[in-house]
Amino acid sequence: MAKTEKKPENRYVNDLRRFAFSQSQVLRTRGSIVPVGLSLLFLAVVALFVGVGYTSVGEESLIIIAAAVIGGYMALNIGANDVANNMGPAVGGKVITVMGAVAIAAVCESAGALLAGGDVVKTVSKGIITPGEMVSVYEFRHLMLSALLAAALWINLATILGAPVSTTHSIVGGVLGGGIAAAGVGLVNWTTMSKIAASWVISPVFGAAVSAALLLFIKVKVMNAENRLEAAGKWVPMLIGLMAAAFAAYMAMKGLKKIWTPSAVEIIAFSGMSFVAAYLASRPYIARRIQHLENRKKDINGLFDLPLIAGAALLSFAHGANDVANAVGPLAAIVSTIGGEAGIASKVTIPLWVMVVGAFGIALGLGLFGPKLIAIVGEKITRLNSPRAYCVALSSAVTVLIATTLGLPVSSTHIAVGAVFGVGFLREFSENPNKRKLRPGHKLNATSQDAFNSRNLRGKRRLVRRRFVLSIAAAWVITVPASAALAAVIYAVLQLL
């Protein structure tokens, strides 16, 4: 039987499909190669810059160059992973685009790192280990290199897997593992470690509770009111004032601690003035806005756009001021042992060039790799809009303030992600759409009455994706032991070289 020849038009269609597929593969490959290439170029520039500056130090210059490159690699990973917690809700709320979020965060992160970054950092990072005479300068340098590289590798893996993790916990785990490998468990401050372990529970629970409480207030007082426009005119300026007060205190206590160390009375006064100023400024603004709106929830949502963007920008500024030390703290510790007495100081001052490496590394990592985690935090855990995203941003600042006042250890990453979960679970609890609950499989009912009752079963939609709850929680718990194990292995390898 003769074979049927293909029609010319079908052959052309298949050729077009093959061409389109090959083109898409090329674009995908280029999309992954270009960011990696730019990252390698950044690290090469760091190595060249540091190598030129430390040529007179001799063999120790190799340690400085290696530490600087690893510090830059750590900064890239912080930008790719941790910054998503601040900008993700604004993107999920459809207030700004992903690229807009990247641009705002890059500017604010860099400004926070360079203008208000921590000028003094403990060489052993958060007091996790106490070297004393148990560790030599040579071993201490290898310990810090191991901690920095292990933390960077773990955060890189978490970013690939789509899990937002705490960079602070990563570097803490690295220092822990390197310290144990260097001098045993006696080197570790277990009291501090127990506080860090407690933060795994405290941070997300606090963040979820505060964000859920804020969203419930907005629902009751504004969204579910009979006259939403009137309610918005009354309560939205107060909510904006509350955000201004919270962020004023947050910046005074966390974001501006390098250039201003206020007393408790000054913080309260600064926050109070911020509340009054924001409230008085926002009242006429909100009044003008609601004149052109209808009594619909969708219209009311837009009133939270501007304060949400401001809050996300301030969070990014404070994050850059605080977390740049996670990228360059161990690097600064190593630099402090070069030259002079070459001893292990209890505290070190971070040089300006080290801060620049951290700041630009975070901004570059955010721009190249940050959109993936921004999309996960803002869009894939639960559906957000402006008020929900506003609650997430405000709860991040409020929770840090409460925890700092009470002396509780918290993670900003865990707080922000926990706040997203809190918003989603509150919606599940409060919203009960008439949607029939699907029973698993085709199980037969025991009696006719059971069959009748099963027809009337109603259930809530799951508004939070459970797989993200489990995967992110697992990543949080694994972070410290995983980075500790990596650091111990890297330290052992360095000792053999």
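Observations on the model:
- Exposure proxy order (Cβ contacts within 10 Å, fewest to most) of ARG141, ARG467: ARG467, ARG141
- Within region 58-107, all pairs of alpha-carbon atoms sorted by distance into 10 Å bins from zero give the percentages 24, 35, 20, 15, 7, 1.
- For the pair ILE160 and THR97 in one chain, pulling the backbone fully straight at 0.36 nm per residue adds 20.5 nm over the alpha carbon distance.
- C-alpha center-to-center spacing [region 350-394, region 59-93] in angstrom: 11 Å
Only the coordinates and a few stated rules stand behind these numbers; no lab work does. What you are looking at is a predicted structure, and each value in this text was computed from that prediction instead of being measured. Ideal geometry is used to build each Cβ from the backbone, glycine not excepted, and the neighbour counts take in all protein chains shown.
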